[in-house]
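Step one of this worksheet: look at the structure below.
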Amino acid sequence: MLGKKLVVLLSSAALLGALAGCGASTKTTSTSSATGSSSSPRVGGTLNVGIDSDFVTLNPAMSSALIDRQAYINIFDPLLKLSQSMKIEPNLVTHWTVTNGGKTYTLYLRHGVTFQDGTPFNAQAVIYNWQWEMNPKNASPRLSNLKLVSSLSAPNSYEVVVNLKAPFAAFLSLLTGRTGMISSPTAMKKWGSQYGLHPVGTGPFEFVSWVKNDHLILKRNPHYWQKGKPYLNKIVYTPITNPQQEYNALTTGQVDLIDSVPAQDVSQLAGNSSLQYAKMTGLGYSDMELNTTKSPLNNVHNREAINYAINREALIKLIDFGQTQPAYSQFPPSSWAYDPNLKIPFSDTLAKQQLKKAGNPGGFSFTLLGNNDPVTVQEMQAIQSQLAKVGITMHSEPVDFTTLLTDAINGNYQADMLGWSGRPDPDQNSYAFDTTGGSFNDPRYSNPEVNSLLLQARESTSQATRKALYYKVAKILAQQAPYIYLAYTPVIQAWSTSVQGYKAYPDDLMRFTNVWLK
């Protein structure tokens with residue numbers, strides 16, 4: 001469950017075209033020595049970073065994979081940034097106003113910023129990026145984020161006026177992610193469809209080279225707008241797809257920092273004086289998606305039977321060594337939309353009652369697609385065993401990740417095992433997933449009541465009102481089970497004591513602007 005390679009944004013546009021609030025709390029359940037140092041930062045050095053999979057594309061307008069965001073956060077400065085407590089803060093947008101009943105956002109841009117190729121960062125650049133993403137011909141996954149935009153204008157070079165068709169409470173949250181990561185228009189025009197191999201942003205580090213499945217190299221941006229930063233000369237990302245090998249690379253000094261720690265190794269971290277680490281509640285979850293248009297999972301009682309028959313606590317103990325929490329909705333404990341009272345009991349008795357209501361008291365059979373990595377295969381086998389106890393025969397079909405995504409997006413499956421990396425605003429964990437025809441609604445779930453509740457939540461400016469609406473949605477989904485939420489995804493990162501100034505965030509992204517090596 002902790003394998004982040006399964007936590008992706010499912011978007012047909014992304015895969016077919018080139019294979020994103022506030023107020024979430026951070027809970028650091030354990031950490032080692034302080035991540036900083038009392039001495040002054042040193043300039044220079046190369047930071048070697050282990051990542052659990054290779055990047056897919058370096059073009060934020062075309063990306064849907066979580067791993068891509070690890071590079072973006074250092075190449076591209078988002079328009080707005082997130083604090084460690086997931087609060088929205090100024091960045092390239094220094095301040096903003098919201099008028100017209102929540103339908104007009106005026107963004108005021110930072111002066112004196114340039115892209116890494118020397119192109120000025122201004123309102124025209126922002127509008128160019130968004131218009132490109134809004135063009136259906138470009139098949140950008142960002143299109144779904146910008147569908148509510150009715151017009152864009154620039155009264156001057158440092159002011160962007162965004163008019164929306166309706167109020168959208170999560171709009172500013174979008175600007176902390178890929179929608180707010182603006183590329184150089186000069187580079188976009190120069191490289192065209194190959195821009196994903198030649199990214200140019202405004203961030204602290206600029207692109208040098210990328211050898212697929214081997215390494216990505218970034219270097220210090222000497223013209224970065226934060227004077228004196230970054231401190232590092234270079235960052236080298238190395239994909240290490242085997243979790244144990246990635247951890248071993250850290251302990252043997254081959255890399256200085258890793259993006260995730262195998263569950264079975266977490267207990268060793270506190271006793272290792274050469275390592276620092278952070279463990280905190282993340283924003284995402286792992287789940288099963290049940291195709292509501294295909295028999296036998298088009299029967300809600302069959303889906304509910306699965307929901308009751310899965311022992312989440314046992315799965316976590318077996319697969320995750322107790323390092324995470326069972327999930328009952330798409331809103332994690334780090335979200336203000338999380339309902340602590342919502343539980344789905346593990347009960348073979350309730351599962352059998354649902355099977356009887358479905359008209360097949362003896363059970364049924366279905367096939368579950370999942371990634372063919374060892375941890376997922378083990379988890380699928382455990383679920384298979386649990387369901388068999390109530391008469392449900394689950395056939396496991398491990399496939400490569402590209403096949404898994406393609407089949408999920410196209411609806412060519414009965415059930416699959418995937419997940420979501422999560423976002424700070426609950427709209428981004430629900431609207432596209434749960435509304436009829438939503439861009440990430442792989443189960444093809446359709447419920448007019450849920451559509452209405454999520455639209456109300458999206459358009460409300462009251463967090464209390466939105467919270468109550470999300471509570472209702474979560475309860476409905478628990479009863480109808482288009483998704484079987486399994487576990488919330490924790491953030492567990494570790495790094496060498498030679499790495500100074502590093503801080504982990506609940507969104508799992510590794511930010512290196514303030515990092516230095518002693």
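Where a number appears in this text, it was derived from the coordinates with a stated rule and is not lab data. Remember, it's a predicted structure, so these values are computed and weren't measured experimentally. Every residue, glycine as well, gets a Cβ built from its backbone with ideal geometry; the counts of neighbours run over all protein chains shown.
Ranked by the mean number of other Cβ atoms within 10 Å per residue, highest first, peptides 161-172, 448-459, 415-426, 340-351 order as 415-426, 161-172, 448-459, 340-351. Using the Stokes-Einstein relation with a Kirkwood hydrodynamic radius computed over Cα pairs, the translational diffusion coefficient of the chain at 10 °C and a viscosity of 1.306 mPa s comes to 68 µm²/s. Net charge dipole, the chain: roughly 1020 debye, given to the nearest 20, about the Cα centre with Cβ charges of +1 for Lys and Arg and -1 for Asp and Glu.
Can you give the % of DSSP beta bridges in the chain that are antiparallel, to the nearest 5? Percent antiparallel among DSSP bridges in the chain is about 80.
Taking other C-beta atoms within 10 Å as the exposure proxy, TYR158, TYR470 rank TYR158, TYR470 from fewest upward.
For the stretch 282-490, what D do you get in µm² per second when you plug the Kirkwood radius from alpha-carbon pairs into Stokes-Einstein at 25 °C and 0.890 mPa s?
Numbers: Rh = 17.1 Å.
Here the translational diffusion coefficient equals 143 µm²/s.
From the residues LEU80, PHE440, ASN410, which one has its Cα farthest along the dipole of the chain in the positive direction, the dipole being from +1 and -1 charges on Cβ of Lys/Arg and Asp/Glu about the Cα centre? Of the listed residues, the answer is LEU80. Label positions at SER40 and THR104, each projected 7 Å from the Cα along the C-beta direction, are separated by 4.9 nm. Give the lysines reachable from LYS137 as a straight Cα distance under 25 Å; neighbours fewer than 8 places away on the same chain don't count. Partners found: LYS147, LYS165, LYS189, LYS190.
Per DSSP helix of 4 or more residues, -39500 (n - 2.57); summed, then divided by the residues of the chain. What does that give at 222 nm, rounded to the nearest 500?
-8000 deg cm²/dmol
Each residue of the stretch 429-444 was assigned a 3J(HN,Hα) from its phi angle through the Karplus curve 6.51 cos²θ - 1.76 cosθ + 1.60 (θ = phi - 60°); the sequence is 9, 9, 4, 6, 8, 10, 8, 4, x, x, 4, 10, 8, 5, x, 6 Hz, with glycine and proline shown as x.
Of the beta bridges in the stretch 282-490, as assigned by DSSP with both residues counted there, near 60 percent are antiparallel. Counting charges near ASN514 (Lys, Arg +1; Asp, Glu -1) among other residues having Cβ under 12 Å from its Cβ returns a value of +3. Placing unit charges on each Cβ (+1 for Lys and Arg, -1 for Asp and Glu) gives the stretch 282-490 a dipole about its Cα centre, and among THR465, LEU318, GLY282 the Cα reaching farthest toward its positive end belongs to THR465.
Shape analysis of the stretch 263-362 yields a ratio of the Cα radius of gyration to the Kirkwood radius, Rg/Rh, of 1.10.
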